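Encoded as structure tokens, the structure appears first; notes follow it.
Each value in this text was obtained by applying a stated rule to the coordinates, not by laboratory testing. Please read these numbers as outputs of a predicted model, since none were measured by experiment. All Cβ positions, glycine included, derive from the backbone under ideal geometry; neighbour counts span all protein chains shown.
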Amino acid sequence: MKKEKKETEKTEKQVEETEAAEVKEEIKEESAEEKLQKALDEKNDQFLRLYAEYDNFRKRSQKEKQDIYSSSKADVIKEILPVLDNFERAASNKEASPEDYQKGIEMIFNQFVQILSKQGVESFGEKGDAFDPNIHNAVMTVEDDSLGENVIAEVFTKGYKLGDRIIRDAVVKVANS
């Protein structure tokens with residue numbers, strides 16, 4: 001009986017040790033799970049911070065873009081206002097002779113051309129230029145032996161470009177197309 005008791009005690013100790021080992025293993029597994037959860041939470045927090053930072057950058061860039069657009073628009077209008085003032089002066093001067101009006105209109109026109117030039121705007125589409133369908137809009141054709149083939153015979157409205165960007169096509173009559 002004593003032997004059985006010792007064996008039972010040994011078996012109980014083994015069972016207890018096994019159970020303790022299993023509990024320790026579960027604790028280790030939980031701590032591994034906790035570590036993974038902690039790492040996941042940390043990465044999720046980093047992601048959220050990065051997303052918030054990007055969203056703030058996007059909003060700030062959009063606001064800066066809008067501010068630049070508004071500012072440049074105001075600068076161009078500020079350049080044009082003196083031309084408007086000169087037109088008002090010319091319109092209110094009822095006593096001027098036709099020659100004076102003509103001279104005033106030419107001065108205003110030159111002032112306006114200078115403003116456009118200062119802004120980098122160039123005109124194109126002159127009579128005698130070669131026709132280019134990418135920048136010219138042909139609304140008429142004419143047969144004329146004195147002009148070459150696909151040459152601009154008449155300009156109805158000039159074209160304008162800013163750098164390489166076409167603002168408005170030139171409307172032209174093309175000879176011998």
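Before moving on, here are some points about what is shown:
- Candidates Lys127, Lys161, Lys173 - the one that is farther than 26 Å from Lys78 by Cα, touching an Asp or Glu at 6+ places or on another chain (Cβ under 6 Å) and not hydrophobic (A, V, I, L, M, F, W, C): Lys173
- Filtered residue count, region 95-154, keeping only those that are outside any strand (DSSP E or B), of a type in the set (A, V, I, L, M, F, W, C) and exposed (fewer than 12 other Cβ atoms within 10 Å of the Cβ): 1
- Search result, residues across region 98-154 that are aromatic (Phe, Trp, Tyr) and without any contact (Cβ under 8 Å) to a residue 12 or more places away in the chain: Tyr101, Phe109
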